[in-house]
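To start, the structure itself, in C-alpha cells.
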Amino acid sequence: MVRRNVHSLYMHSQAIAQTSFTISGVPTAPERPMPKRKAPEAATFGQRLVALRKAAAMTQQELADEVGVSRRMLAYYEGQSEHPPTTLLPALAQALHVSTDELLGLTPPPKPNGRVRDHRMQRRLQQIAGLPIEERRQIMQLVDAFIERGQLKRRAAQGESA
C-alpha cells in the first residue's frame, strides 16, 4: 500500500513537471540543462587578502603597520572574517597596490606581465628618499659596493666555467 502511494505520488509529480504553464504575453525561457559541475566558488575576502599580501611580499605585521591596525586584527580579517572591514578597504587597497574591486573580488587581479614588482623594495626606496642627503649618499655608496661585488662574483664564476 505504501509502495503504491509513493509510486502514484512520483507519477503525479512527473506529470506536473511535464505540464507547462504560460502566462499570456510573457515569454517563457527555454529550459537549460543543469551544469554538470559547479563553478568553483570565489575565494573569500580573507583568502584574497592573504594572496594579495603575499604577492606584495609583505608580512602581516608590515601590512598592519601600514594600514594602522594590530597584526592580530589583520590575522582575523585574513582568517575568520567573511565580511571585509569597510572602513579599512581603501587603506588596504592602497597598501597592497590594488583596487578595492580587486580586493573585494569584483574584478579579477591583473595577470602578471612577467615582471614581478617588489613592493617592499619600493617602500624602502621611498623611505630612503625621505632621509637627509648625507645619509642617502652613504646608502648609495653601500648599494654600489654590493652591486660591484655581485658583478665581480659573476665574472669570476664565468671565468671558471670557460
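By definition, a body whose alpha carbon gyration tensor gives a ≥ b ≥ c is rounded when a/c is under 1.5, and segment 45-108 falls into this rounded group. With both labels modelled 7 Å from their Cα along Cα-to-Cβ, the Q47 to E160 distance reads 4.6 nm.
Show me the ranking of peptides 66-73, 142-149 by mean Cβ neighbours inside 10 Å, starting with the highest.
Working: 66-73: 14.2, 142-149: 10.0.
Packing order, densest peptide first, comes out as 66-73, 142-149.
Compared with the alpha-carbon gap, the fully stretched path from A145 to R72 is longer by 22.4 nm at 0.36 nm per residue.
Laboratory data are not the source of any read-out in this text; all were calculated from the coordinates shown. As the structure is a computational prediction, the values presented were derived from the model and not from experiment. For neighbour counting, all protein chains shown are included, and Cβ atoms are generated from backbone atoms with ideal geometry for every residue, glycine included.
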